[in-house]
Each structure stands twice: as structure tokens, then as C-alpha cells.
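S.K.: Supplied in C-alpha cells, the structure appears directly below.
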Amino acid sequence: MEIIIEILSGLHPEVDFETMDTLIDNKILDSFDIVSIVSDISDEFDITIPVEEIVPKNFNSAKALYAMVERLSEE
Amino acid sequence: MQRNVLEYLEQIVKQVPDKTAYANEEMGYTFRQVYDYSRSIGTCLNKGSFYKEPVVVFMGKHPREIVTFYGVIYSSNYYVPIDEEMPWHRIELIFENLKPRVVICDSSTCQRLEQLSFHGEILLYEELIAYASEGSVLDGIRDRQLDTDPIYIVFTSGSTGVPKGVVACHRSVIDYVDTLSDILGINQGTVFGMQVPLYVDACLKELYPTLKFGATAYLIPKNLFSFPLQLVKFLNEHKINTVCWVVSALTMISSFGALEKEIPEYLHTVAFGSEVFPMKQYHLWRKHLPRARFINLYGPTEATGMSCYYEVDREFTDGELLPIGKPFRNKEIILLDENNLVPEQGAEGEICIRGTGLTLGYYNNFDKTNEAFVQNPLNKVYPELIYRTGDIGKLNEHGELMFVSRKDNQIKHMGHRIELGEIESAANQLEEIKCACAVFDQIKKKIILYYVGELSKAQMALSLKEKLPRYMIPNIIEDLEEMPLTSNGKLDRVLLRERYQNKNQTCSS
């Protein structure tokens with residue numbers, strides 16, 4: 001989880017990613033951010049994020065991103 | 001001879017009045033509605049005694065914004081689109097330059113405008129389109145109009161921190177639309193999927209050819225450009241067959257592997273520009289859409305839309321770059337070296353543009369205009385302007401133009417043209433900041449801002465968001481103890497860029 005917060009904070013140092021759960025709905029993350037996040041997460045966790053997972057609900061909060069990483073790591 | 005871009009609309013409304021012209025995911029306007037509503041807006045602006053002056057259009061990306069543009073043209077004023085997401089500081093700078101007497105809003109943007117110290121008239125779209133149009137009034141305006149009269153102003157980044165407003169007229173837009181439509185092969189069956197925002201001249205590609213041929217243009221919601229499969233589904237759902245997108249929007253689809261799952265099956269014409277198309281991503285597109293046409297476009301806002309094109313007609317290897325090709329009909333590209341002479345075949349020179357397509361210059365800014373729109377140095381015998389792009393180019397062995405680099409600190413990021421100086425200026429205006437320097441990582445496409453001063457990175461990010469549009473916000477912010485300078489006292493961008501790249505290499509190894 002810490003790694004994910006760190007990745008997100010690198011993009012938007014002023015946002016509290018511990019609590020914010022409307023990152024997409026409130027347009028905090030844009031397409032550039034999504035591309036960076038997917039690339040950083042893939043590198044850090046050594047996983048491949050399939051395109052079906054790149055949907056708004058997986059990117060709305062750090063928690064949702066973490067859940068996705070957990071799920072993909074198990075598979 | 002056509003003198004007004006609205007003649008496209010007046011022709012087509014007789015042919016296909018009930019066809020959808022502009023739509024989004026929820027609604028659409030027919031050509032008849034576009035015609036009726038824009039004439040109402042035009043009449044109403046005339047009744048308000050607005051004539052030959054800037055009319056600010058402050059709306060969300062929506063078909064009604066396009067209708068408003070045409071309404072403004074009907075009244076012989078010129079539209080100035082301001083994005084609803086633009087920060088206040090930038091809007092204020094633009095208003096200082098324009099000194100507008102009137103702003104057109106919709107119900108969703110009207111409240112935001114109240115935050116601004118604007119004392120002119122605020123008109124509401126919903127009320128304007130309810131106004132009864134008067135043909136005799138509009139005909140009278142048309143009679144007095146020249147094809148050299150302005151139709152829009154779009155603002156582009158300025159290196160000193162003040163945006164520059166590029167003014168274009170009917171003549172240059174007609175010249176552009178006619179040629180572009182031929183190149184793209186637009187006809188009544190064309191269905192555009194619009195990616196670009198309406199506050200840049202890139203949207204001319206869809207707006208006016210749609211009127212000229214009775215095509216249909218869908219405005220794609222911005223958030224879909226973060227989610228590739230949803231985006232491809234949108235394209236298929238609306239049978240979109242033609243796109244003119246920034247490269248990053250196309251590579252977002254291909255790099256995430258979306259094309260392996262679902263292809264945009266109706267797409268037959270893919271035009272792109274503003275940035276280099278990474279060859280690996282281009283090959284993915286080619287592989288999945290083997291029959292589609294791929295067209296690389298190039299051109300500065302100052303020469304109205306695009307000025308050069310290259311339709312891919314041969315194989316490229318991964319290390320090669322796509323050419324920007326040859327000039328549009330009725331435009332000429334001249335390469336000039338530092339002595340204002342044409343360099344030898346294959347040698348580099350500044351890309352300069354000649355032709356009717358040149359815009360009128362920068363609004364209320366003769367100094368900047370005179371720096372960039374200059375007498376053609378090859379012509380010593382009569383007045384003839386060229387626009388100096390500041391881009392360096394050369395011809396390849398096929399005689400095609402290749403983009404090489406920039407003369408200055410202008411970059412292309414996510415399809416937007418950005419002066420690094422404008423970002424630095426926004427940071428330097430903060431009291432706590434002693435010095436700031438922005439650099440661009442070409443490989444990873446990231447803007448990095450270095451600064452010296454008593455301010456946390458989070459505060460810096462927040463402050464910049466108040467001053468700069470979203471696409472100019474640095475992707476990485478780093479504070480420094482001291483700013484590296486070159487031997488003659490200038491910011492050492494090269495060293496900063498190297499330092500950033502070295503740091504990244506250590507991290508990933």
C-alpha cells in the first residue's frame with residue numbers, strides 16, 4: 001500500500017491519497033497519470049495489468065489500486 | 001467566391017437538414033438546429049451592438065459550444081474559446097489582452113464566471129438560442145463582411161508567461177478546410193470521433209469539414225482517454241471511421257494492449273500530429289488496422305491548423321521517424337539557415353511558412369507579431385510575409401520534410417504546445433521562490449520542475465494548479481539547495497536534464 005501511495009504522491013503531492021476515493025470521478029487523475037501509474041505499478045510489483053483492468057473503478061482510490069495489485073499478484 | 005465559412009452551413013442545411021451534425025454521448029444537433037440556433041445567437045449579438053470584436057465563449061466541451069462559435073461569426077464578431085477548466089490566473093491574463101465586452105456562458109459555467117472581476121455583459125446560451133433570428137439583419141452584416149475579417153482567436157503558450165492570442169480569418173480557414181478535406185477524403189459518410197478540445201485550432205479539422213460535406217462529428221468525453229477499452233467501444237458504438245487525434249491518445253490504446261481485445265472496426269482514416277509517433281506503437285496500429293490510411297500532420301496554429309502532411313506509403317523500421325512530408329496545397333515551406341538563406345539539400349534550417357493560410361498575427365500584440373511574421377528574406381521586391389515557426393527541419397532523401405528539433409524551449413506534451421518559460425514564470429511569481437527551471441524528458445514525456453525556495457513540493461503543486469492549465473503542470477517537482485548555472489550565468493538546463501536522467505537510471509538498475 002505504501003508503494004502505491006508513494007507512486008500517486010509523486011504525481012500529485014498535494015492530494016491525500018489515504019482518504020481520497022474519487023480520483024477519477026473528481027478528475028484528479030488524467031490520462032497521463034493513468035499511463036504513468038500503470039507503468040510504475042507494473043515495474044514495482046512485477047505484474048502485467050491486463051487492459052480489462054484499466055477501468056475507472058480500479059483507479060478511484062489507492063485502496064482500489066492496491067486491491068487490484070493483490071488480485072493480479074495472486075493469479 | 002466563398003467569403004465566409006458559414007456558406008458551408010448554408011449550403012448543407014438545404015441538402016441534409018435532419019442529419020446529425022455534432023453530437024456527444026447524450027445528445028446531438030441536426031444541421032437545421034445548428035443553422036437556426038447560430039442565426040439566433042448572431043441576431044442577438046447584433047442587437048446588443050457587438051460588432052467586429054472578441055466574444056469570449058466560456059463553456060464546457062459540448063455541441064452547443066460549436067453552435068455558439070457559428071453564432072458569433074454570424075454577427076461578424078470573432079469567438080474566443082476559454083476552457084471551463086482553465087485556471088483563473090490564466091483567464092485573467094487572457095482577459096487583460098482581449099478586454100472583452102461580452103462573454104457567452106451556459107448554465108453550468110455561468111456561476112464560475114462570477115468569481116472573476118468581469119464587468120461586461122454575460123449572455124446565457126439557453127436564452128440566446130430562444131431569440132428570434134432576423135434574416136435581414138444577418139444579410140446586412142454579411143454584405144459588409146470581408147474574407148480577411150477575423151473569425152476566432154485561440155490562445156497559445158507564451159515564453160514570458162503571457163499567453164498569445166492567434167487571430168485567424170475566413171480566408172485562411174477556407175483555404176485550410178478545402179485542402180484538408182481532400183487529404184483526409186472527407187464525404188457525407190464521414191463520422192468523426194473528436195478528441196481535441198474546442199479551445200485549440202486543432203478542432204478546425206472536424207468542425208468545418210463536417211459543415212462542408214454534411215458529415216457527423218462526435219465529441220468524445222475526455223475521461224474515456226484514460227480507459228482504452230471503453231474508448232474503443234465508444235468508437236464502435238458510434239461507427240466512427242475518421243479520427244484526427246494527438247499521438248498520445250492513439251498510443252494510450254495500443255500500449256495497453258486494447259487492440260488485442262477489440263479493434264475499432266469502422267476506422268479507416270487515422271490522422272495524427274503534434275508529436276512523434278513512436279514506431280513500435282505505430283506498427284501495432286498498422287498490424288490491427290491493415291487497410292486504414294495513416295496520415296501524419298504538422299503545422300503551427302499561426303498558419304491556421306496544419307500545414308504539412310505525410311500519408312504513410314512505405315514500411316518503416318523501429319529506429320526511423322515518420323516524415324512530416326509535404327506542404328498543403330497553396331502553402332509553401334521554406335527552410336532558412338541562420339543567414340536567412342536556403343540551406344543545401346538535406347541540411348537543416350528553420351521551417352518557415354508562406355501562403356494565404358497565415359493567420360493575421362497575435363491579438364493586441366504587435367511586438368510578438370512582428371518577431372514571428374516577417375518579410376520573406378528571399379523576396380527583396382515587394383511585401384510578402386512568412387511565419388517563422390521556430391521548428392528546425394530538413395529534407396530527407398525522398399524530398400520529404402523531417403522535423404528535427406526546436407530552436408527554443410518550446411515543447412509538445414500530450415499534444416499541447418507549451419513554453420517551458422511559461423511554467424517557470426508561474427513558479428517564479430511565487431514569493432517564496434528564488435529560482436525555478438523546467439526541463440522536459442523527451443523519452444518519458446515528463447515535465448520536471450526544479451526550484452530553490454522555502455516552499456514544500458505539495459504547496460508548489462497547489463500553487464501551480466491555480467496558475468497553469470492542467471497540461472502544463474509539471475509531472476515531477478524537485479526542490480534544490482542551489483540552481484546550477486552555466487558559465488555565463490544562465491540556468492543550466494542541460495545539466496539538470498542529465499542529472500534527472502542519471503538519477504532515473506540508478507533507481508531502475
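S.K.: Just how far, in whole angstrom, is segment B:258-315 from segment B:384-411 if you go by their alpha carbon centroids?
M.R.: 20
S.K.: With Cβ to Cβ distances under 13 Å as the rule, what net charge do the other residues near residue B:142 carry (K, R +1; D, E -1)?
M.R.: Around residue B:142, the surrounding residues sum to -4.
S.K.: Ok, one more. At a Cα cut-off below 27 Å, give the lysines reachable from residue B:19, other chains included and same-chain residues fewer than 8 away excluded.
M.R.: B:61, B:205, B:212, B:222, B:233, B:239
S.K.: Using per-residue counts of other Cβ atoms within 10 Å, averaged over each peptide, order B:44-57, B:300-313 from highest down.
M.R.: B:300-313, B:44-57
S.K.: Can you pull the mean other chain C-beta count within 10 Å for peptide A:31-40?
M.R.: 5
S.K.: Now a separate question. Could you grab the Rg to Rh ratio for chain B? Cα atoms only, Kirkwood for Rh.
M.R.: Ratio value, two decimals: 0.96.
S.K.: Report the convex hull volume per residue for segment B:192-271, counting only C-alpha atoms, in Å³.
M.R.: Cα convex hull per residue, to the nearest whole number: 84 Å³.
S.K.: Which one, B:471, B:349, B:12, projects farthest toward the positive side of the charge dipole computed for the protein assembly as shown from Cβ point charges (K/R +1, D/E -1)?
M.R.: My answer, from the dipole projection, is B:12.
S.K.: Ratio of Rg to Rh for segment B:281-344, alpha carbon only, Kirkwood?
M.R.: Here the Rg-to-Rh quotient is 1.07.
S.K.: Once you keep just the Cα pairs under 8 angstrom separated by 6 or more residues, what percentage relative contact order results for chain B?
M.R.: Dividing the mean separation by the residue count of chain B yields 12 percent.
S.K.: Hey, got the average number of other protein chain Cβ atoms within 10 angstrom for residues in B:217-228?
M.R.: 4
S.K.: Which one of A:8, A:19, A:41 is farthest out on the positive end of the charge dipole of chain A, using unit charges on Cβ (Lys, Arg +1; Asp, Glu -1) and the Cα centre as origin?
M.R.: A:19
S.K.: Can you give me the Cα centroid spacing of segment B:349-381 and segment A:56-75 in angstrom?
M.R.: Result: 53 Å between the Cα centres.
S.K.: Let me ask another. Kirkwood hydrodynamic radius (Cα pairs, Å) of the protein assembly as shown?
M.R.: So the Kirkwood estimate lands at 25.2 Å.
S.K.: Considering only DSSP beta bridges whose two residues both sit in segment B:410-508, what percent are antiparallel, to the nearest 5?
M.R.: Once the DSSP bridges in segment B:410-508 are tallied, antiparallel ones form about 75 percent.
S.K.: For segment B:25-96, what is one quarter of the convex hull surface built on the Cα atoms, given in nm²?
M.R.: About 5.3 nm², averaged over all directions.
S.K.: Antiparallel versus total DSSP beta bridges in the protein assembly as shown: what percent is that, nearest 5?
M.R.: If we restrict to bridges inside the protein assembly as shown, about 55 percent are antiparallel.
S.K.: Taking all pairs of distinct Cα atoms, average 1/r, flip it, and tell me the Kirkwood hydrodynamic radius of segment B:197-335 in Å to one decimal place.
M.R.: Computed over segment B:197-335, the radius equals 15.9 Å.
S.K.: Next up: Please work out the Kirkwood hydrodynamic radius for segment B:326-406, using every pair of different C-alpha atoms, and report it in angstroms with one decimal place.
M.R.: 13.3
S.K.: Starting with the highest mean, order B:118-128, B:135-145, B:267-277 by the number of other Cβ atoms within 10 Å, averaged over the residues of each peptide.
M.R.: With the highest mean Cβ count within 10 Å placed first, the list reads B:267-277, B:118-128, B:135-145.
S.K.: Hey, another quick one. Using Cα pairs under 8 angstrom and six or more residues apart, how large is the relative contact order of segment B:410-508, in percent?
M.R.: 24
S.K.: Across the residues of B:439-451, average count of Cβ atoms on other protein chains within 10 Å?
M.R.: Across B:439-451, the average partner-chain Cβ count within 10 Å equals 1.
S.K.: Between residue B:52 and residues 5 or more places away or on another chain, which pairs have amide H atoms under 5 Å apart, with H built 1.01 Å from N, and which residues are they?
M.R.: B:77
S.K.: Right, another one. For segment B:234-294, what is the convex hull volume of its Cα atoms per residue in Å³?
M.R.: Measuring per residue, one finds 73 Å³ for the Cα hull of segment B:234-294.
S.K.: For the cross-link pairs B:380/B:490; B:446/B:490; B:326/B:445; B:99/B:490; B:412/B:457, which exceed 31 Å when the distance is taken from alpha carbon to alpha carbon?
M.R.: B:380/B:490; B:99/B:490
All of the numbers you see were taken from the coordinates with simple rules; none came from a lab. Worth saying up front: this structure is predicted, and the values here are computed from it rather than measured. Every residue, glycine as well, gets a Cβ built from its backbone with ideal geometry; the counts of neighbours run over all protein chains shown.
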